[in-house]
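Below you'll find the structure, written out as structure tokens, and then a few comments.
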Amino acid sequence: MPELASNRKALYEYEILEKYEAGLALTGHEVKSAKTGHISLQGAYVIIRGNEAYLLNAAISAFQPKNAPPDYEPLRTKKLLLHKSEIVSLLGKTKQKGLTLVPLRAYTKKAKVKLEFALARGKRNIDKREKIIKRETKREINRAIRNKF
């Protein structure tokens, strides 16, 4: 499964509770562009509106900019292909305070473009700082051990 794009900042900003996989409903030139890696998930998010799930603010640039359709919009809303039971479940879970749906990565699976997104809760700044401090102390310990021998 070649990865097309990832949202690394989401793992820093959010605490991941559950992961889901969905297909993306794209047009032909968007599929070509996404498979060449011209997709960005920065600032993107998933919403559920009227028993359908959508991906918003995910940019897929034109495959051939000079040959793109005149009405092509890179930031258009893309529909996610999910089972109705999954959508109902997600709708109930997102009603809880502080929970949101965040896209994590886009990848191909059997020639289809898929999106992995997660049910997540936003981290507080204190939690982020603690994680940074733990990572830095672990690095310092590893350096000290490496330099000692």
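Computed from the coordinates by the stated procedures, all read-outs in this text should not be read as laboratory data. A quick note: this is a predicted structure, and the numbers were derived from the prediction, not measured. Positions of Cβ are backbone-derived with ideal geometry, glycine not excepted, and every protein chain shown enters the neighbour counts.
Test of understanding: what is the full-extension gain from ASP127 to LEU56, defined as 0.36 nm times their sequence separation minus their Cα-Cα distance?
Working it through step by step, the gained length comes to 22.8 nm.
Working out 0.36 nm times the residue gap between LYS32 and GLU73, then minus their Cα-Cα distance, what length gain in nm do you get to one decimal?
Extra length from LYS32 to GLU73 when fully extended: 13.2 nm.
Ignoring everything except DSSP H segments at least 4 long, calculate the 222 nm mean residue ellipticity for the chain; use -39,500 (n - 2.57) per segment, divide by total residues, nearest 500.
-10500 deg cm²/dmol
What's the ranking of 120-131, 24-35, 56-67 by average number of surrounding C-beta atoms within 10 Å, highest first?
Output ranking for 120-131, 24-35, 56-67: 24-35, 56-67, 120-131.
Given the Cα-Cα distance of LYS66 and LYS93 and 0.36 nm per residue of separation, how much length would full extension add, in nm?
Residue separation times 0.36 nm, minus the Cα-Cα distance, leaves 5.4 nm.
For a footprinting-style exposure proxy, rank VAL46, VAL88, VAL113 by other Cβ within 10 Å, fewest first.
Listed from fewest to most nearby Cβ atoms, that is VAL88, VAL113, VAL46.
If you place +1 on the Cβ of every Lys and Arg, -1 on the Cβ of every Asp and Glu, and leave all else neutral, what size is the dipole of the chain about its Cα centre, to the nearest 20 Debye?
About 640 debye.
Compute the relative contact order of the chain as a whole-number percentage, counting only Cα pairs closer than 8 Å that sit 6 or more residues apart in sequence.
For the chain, the relative contact order is 33 percent.
Hey, what did segment 24-84 get for relative contact order, percent, Cα under 8 Å, at least 6 apart?
38
Could you sort the peptides 10-19, 100-109 by per-residue average Cβ neighbour count (10 Å cutoff), highest mean leading?
For the peptides 10-19, 100-109, the packing ranking is 100-109, 10-19.
Which one, ILE87, ILE133, VAL113, is farthest towards the positive end of the dipole of the chain when Lys and Arg carry +1 and Asp and Glu -1 on their Cβ?
Positive-end residue among those listed: ILE133.
Just grab the label-to-label distance for GLU136 and LYS19, each label 7 Å out from Cα along the Cβ direction, in nm (one decimal).
2.9
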